[in-house]
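Asks: Once you've had a glance at the structure underneath, I'll fire off some questions.
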Amino acid sequence: MIKKIAILTNGGDAPGLNAVIRAIVKVAERNEIECYGFIEGYKGLLNNNYIKLESSGNAAGLLHRGGTIIGASNSTNVFNYPVKNENGETEYVDLSDKCIENLNNLGIDCIFTLGGDGTQKSARDFSLKGVKVIGVPKTIDNDVAHTDVTFGFNTAVEVATEALDRLHTTAASHNRVMVLEVMGRYAGWIALDSAIAGGADVCLIPEIPYDINKVVDKIRNRAKRGKNFSIVVVSEGAKPLNGEITVKRTLDEGKGVDNVRLGGVGDVVAKQIEDITGIPTRNTTLGYVQRGGSPIPFDRILSTKFGYKAIELALQGTFNVLVTYNGGHLSYASLEDVVGDNKVIGAPSRKY
């Protein structure tokens, strides 16, 4: 019997996290299950920092709220955690047993891990140590395997599409090329969907290395047809033929989690276009606007469905799985099958 559960939200925030928490807590309380939330994801689990969640209190009114009421960390890997040794040097050690001790002391029967591939990898590793885990796929990049869509993605696409609509008017007014850099480290789902919805002329994604000369050809061909402006969407992980991704900053020689930070490819592409064509070109980097703020109705509903399915699986005794949504139906997949298998554009078709 499940009597106590804990929820953690890990990685970058995404619209819909609070809606998932709300759904889990509501259904759990109907089944007389106590709910707790670890503050800042795996960091809270390691530091034993938690709060009790109640639908009549702190877990009320969450459906429309962006962010996460229990915080998130995108730089904590408890299986490879940085600590200072006696010489003041940084070493990476496995502190997962401390986390398990905290769970046992609190009497937690199951933890719900809301996050993307990195979060679910740690969830899988905890499951191999005997912890009962249920994952919920969260990332605006939409690159978690075995599910058609992750919550937060469609909100991000709507934000990017609105930005493109606004850039269109400026581009047309000034006969410029406007570049929009969007998130997407390994997969170009946001870039591709927003480019289609926003009527962009060029879309550069991580899955297909780009040739800047072909981009320029497209822009020049439009100019020949009297279209003196163009819109280019660039995913942050896009890279040129025989080139590398654009890195904004590297911390601790790239060791640990989130220590290689991307950014700047939009500026690179914009400069190349202007240098080659002579057409004034400007870049806009959308950044964190894409994953902040309230979720759109689609993501509110999807998040609620995910939360309901997650607690339903716990009540049924199905653990160490990720909740999935395929063809309009909720299901689940083994965490072992999910981690390390990012869903990218153009990959061989799979039955998820």
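Asks: Placing unit charges on C-beta atoms (Lys and Arg positive, Asp and Glu negative, everything else neutral), compute the dipole magnitude of the range 154-291 about its Cα centre in debye, rounded to 20.
Replies: Its charge dipole is roughly 460 debye.
Asks: Another question about this same structure. Calculate, in whole percent, how much of the Cα-Cα pair population of the range 154-291 lies beyond 22 Å.
Replies: I get 34 percent for the Cα pairs in the range 154-291 exceeding 22 Å.
Asks: Right, here's the next one. If the elastic network links every pair of Cα atoms under 10 Å, which of GLY287, GLY226, GLY199 fluctuates the most in the Gaussian network model of the chain?
Replies: Looking only at GLY287, GLY226, GLY199, the largest GNM fluctuation is found for GLY226.
Asks: Shifting gears a bit: With springs connecting C-alpha atoms under 10 Å apart, model the chain as a Gaussian network and identify which of LEU180, LEU204, LEU241 has the largest mean-square fluctuation.
Replies: LEU241
Asks: Still on this structure: At a threshold of 8 angstrom on Cα-Cα distance, excluding pairs fewer than six apart, so keeping six or more, what relative contact order does the chain reach in percent?
Replies: Here the relative contact order equals 22 percent.
Asks: Another question, if that's okay. Hand me the tally of lysine pairs in the range 154-291: alpha carbons under 29 angstrom apart, and the pair either on different chains or 8 or more positions apart.
Replies: 17
Asks: On to the next question. May I ask you to derive the relative contact order of the range 54-209, considering only C-alpha pairs under 8 Å and at least 6 residues apart, and to give it as an integer percent?
Replies: The value is 13 percent.
Asks: Which percent of Cα-Cα pairs in the chain sits in each 20 Å bin, short to long?
Replies: All Cα pairs, binned at 20 Å, distribute as 30, 52, 18, 1 percent.
Asks: Continuing with the same structure: What are the membrane-span-like helices in the chain by this rule: whole DSSP H runs, Cα extent along the axis at least 24 Å, mean Kyte-Doolittle hydropathy at least -0.5?
Replies: 153-174, 297-316
Asks: Further, regarding this structure: Among the GluC sites (Glu not before Pro) within the range 85-119, which fall in a DSSP loop and have no more than 10 other Cβ atoms within 10 Å of their own Cβ?
Replies: Hits after loop and neighbour filter: GLU86, GLU89.
Asks: With labels modelled as points extended 7 Å from the Cα through the Cβ direction, what inter-label distance (nm, one decimal) is found for ARG220 paired with GLU32?
Replies: For the pair ARG220/GLU32, the computed spacing is 7.6 nm.
Asks: If you filter the range 279-350 for trypsin sites (Lys or Arg not before Pro), then keep DSSP loop positions with at most 10 other Cβ within 10 Å, what is left?
Replies: Answer by residue number: ARG350.
Asks: Can you give the relative contact order of the range 154-291 as a percent, counting alpha carbon pairs under 8 Å and 6+ residues apart?
Replies: Relative contact order here is 32 percent.
Asks: Using the Cα centre of the chain as the reference point, and only Cβ charges (+1 on K/R, -1 on D/E), how large is the resulting charge dipole? Debye, rounded to the nearest 20.
Replies: Computed about the Cα centre, the dipole is about 980 debye.
Asks: Students often forget the sequence filter, so: which lysines lie under 19 Å Cα-Cα from LYS3 once same-chain residues fewer than 8 apart are removed?
Replies: LYS26, LYS52, LYS132, LYS309
Asks: Between PHE298 and ARG261, what is the spin-label point distance in nm, taking each point 7 Å from the Cα along the Cα→C-beta axis?
Replies: Calculated label separation equals 3.0 nm.
Coordinate-derived values only; no laboratory data. The structure presented is a predicted model; accordingly, all values stated were derived computationally and were not measured. Positions of Cβ are generated from backbone atoms using ideal geometry, with glycine treated the same way; all protein chains shown enter the neighbour counts.
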